[in-house]
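Comments concern the structure below.
The values are calculated or read from the model by the stated rules, or taken from the named source; none is laboratory data. Quick caveat, the model's predicted, so the values are computed rather than measured. Quick reminder, even Gly has a Cβ in these numbers, built from the backbone with ideal geometry, and neighbours come from all protein chains shown. With ligands, DNA and RNA removed, areas are computed over all heavy atoms of the protein, side chains included. Shrake-Rupley method; radii C 1.70, N 1.55, O 1.52, S 1.80 Å.
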Amino acid sequence: MEDRGKRIRIEISDGGIKSEDRLSSLPDPILGDILSLLPIKSAVATASLSRRWRRLWTQLTALRHDGDGFFRRDFFAIAAYQILPDLTSPAIHTFEFCGTNPREPGMYNFSRLISQLCGRHVKKIDLRFSVRDCFRRIPLPRCVFECQSLEILMLDEGFDFELPENGIRVPNLRELDIDVSDHEFQLIGNVLKSCPRLEKLLLKGDIVNFGGCLEINCVNLKWLELNMYNRNIYKDPHIVISAPKLERLCICGDYLGYSASFAETPTSLVEAKFLARRSSKVGNTWKLIRSIDGVKLLTLGGDTFLTLVHPAGPVGGVIPTFSSLTSFTGILRSSTCWKGLMHLLEHCPSLRLLVLRRESCSWDRIMNCSAFNLPACLSTTVKWIKLQYLEGGGHELGLISFILSIAKVLETLDVDVSGSSAT
């Protein structure tokens, strides 16, 4: 092996085959960007490769920590007092942490590190704890809500935060993923109102102790996911969505326990998913679905099918005609879900793709297909059908035969048996 500075040539066999270390020949800024994609422990470890790599890690523009055990002392202390001061980049764009939550006296080191990152023009903060202390919440420094460079904020459960006295100033925040457990709706609403450029919002957590109304008023919001739950039947929280540019909506989780409505119907909505289970507000969910009949991709699961077969008629009103719907995914839990599916498909005249997914039930319970009216779309418009999570039983062959006999324009049938796929 011959060391020629930035290049290393390795002679292999008598044939004269040569290989160059092209990675080391790259400019320092590019190598710094590559190292920034690695966890901090791996990036720092490259200092032992050669003189060429000894100080390259100091050009990191991101700090990523994905577990414990590499640092013998508190990670936040090492990052705040040793790693961050050595970094020569004027801006640290990303901070991602997944590990054990800080304990005393590590709380001070955690706050110091977050404050330093905000001073280095951080754009993304992602904090997730693998081990949580249920009796001690972690105070989030107020500077996070005053960081004008911040674009993405992702906070797991266990944080306690107060808003700055001078108001929230995060004008460039585009994505917010936050656990709302133990936080008042008014506080969350104030955060959302102060994010004029917010495009993606994910709210999750337990809202069992809160009633009242949460207003999601975001003029530029395009993606909204609500994964909150409420087991308290005596509380009736309500969520009002005002997002005229909304393109994707997902409402999921167990024990839904809250209702949602649109202040204005989003005319740009393309995809919607409703996957709530064990919900006490499923009727209200259907009222929400009725208001988005212009959606193109729709996924229904959980308890949403059950309201379609109510003895008194569909809970929440008559099923609308989904004239623009081209793709539908149904997650079936029982034969009752199949009956609700047949009712729904009668109102989908433009459907092209139908995906049926089995969940926690046997497909032999939904084989009485002749008992339902045949939706016209199955024989006139549906060209692609996917059957997922089949058990491989003989009764499922009957379902496939039934589909092939009625689907006059079908071009593709995908069958997924226990994770394997066949076309």
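Within the range 54-64, is even one residue surrounded by 14 or more Cβ atoms within 10 Å (Cβ to Cβ), outside any loop (DSSP other than H, G, I, E, B) and at pLDDT below 90? For the range 54-64, residues surrounded by 14 or more Cβ atoms within 10 Å (Cβ to Cβ), outside any loop (DSSP other than H, G, I, E, B) and at pLDDT below 90: absent.
Kindly indicate whether Thr267 is outside any strand (DSSP E or B) and either surrounded by 21 or more Cβ atoms within 10 Å (Cβ to Cβ) or at pLDDT below 80 (or both). Lay out the reasoning, then the answer.
Details: outside any strand (DSSP E or B): yes; either surrounded by 21 or more Cβ atoms within 10 Å (Cβ to Cβ) or at pLDDT below 80 (or both): no.
No, not satisfied.
Quick one: would you say Leu163 is within 17 Å of the chain's Cα centre (by Cα) and either at pLDDT below 80 or open to solvent by less than 20 Å² (accessible area, probe 1.4 Å) (or both)? Walk me through it before giving the result.
On the way: within 17 Å of the chain's Cα centre (by Cα): no; either at pLDDT below 80 or open to solvent by less than 20 Å² (accessible area, probe 1.4 Å) (or both): yes.
No, not satisfied.
Please specify each residue of the range 24-51 satisfying the condition of being closer than 27 Å to Asp126 by Cβ and of a type in the set (A, V, I, L, M, F, W, C).
The answer is Ile30, Leu31, Ile34, Leu35, Leu37, Leu38, Ile40, Ala43, Val44, Ala45, Ala47.
Among the helices (runs of 4 or more DSSP H) confined to the range 300-413, the ones with at least 2 residues that are at pLDDT 70 or above and touching a Leu at 6+ places or on another chain (Cβ under 6 Å) are located at 335-345, 394-406.
Can you find a residue in the range 72-84 that is under 20 Å from Lys123 (Cα atoms) and modelled with pLDDT under 85?
First pass over the range 72-84, keeping only residues under 20 Å from Lys123 (Cα atoms): 76, 79-80, 83-84.
If we keep only those that are modelled with pLDDT under 85 as well, we get none.
No, the range 72-84 has no match at all.
Residues that are in a helix (DSSP H, G or I) and in contact with a Leu (Cβ under 7 Å, 6 or more places away or on another chain) within the range 145-170 comprise just one, Phe145. In the range 90-116, of all residues being open to solvent by less than 50 Å² (accessible area, probe 1.4 Å) and either touching a residue at least 40 places away in the same chain (Cβ under 8 Å) or small (Gly, Ala, Ser) (or both), the one that is nearest to Leu35 (Cα to Cα) corresponds to Thr94.
Within the range 390-415, residues that are open to solvent by less than 40 Å² (accessible area, probe 1.4 Å) reach partners that are among the acidic types (Asp, Glu) and at pLDDT below 80 with beta carbons closer than 7 Å, at six or more positions or on different chains, in the pairs Leu390/Glu396; Gly393/Asp364.
Would you check which residues across the range 224-264 are polar (S, T, N, Q) and modelled with pLDDT under 90 and list them?
Going through the range 224-264, the residues polar (S, T, N, Q) turn out to be 227, 230, 232, 242, 259, 261.
Once the filter is applied, which keeps residues that are polar (S, T, N, Q) and modelled with pLDDT under 90, the range 224-264 yields Asn227, Asn230, Asn232, Ser259, Ser261.
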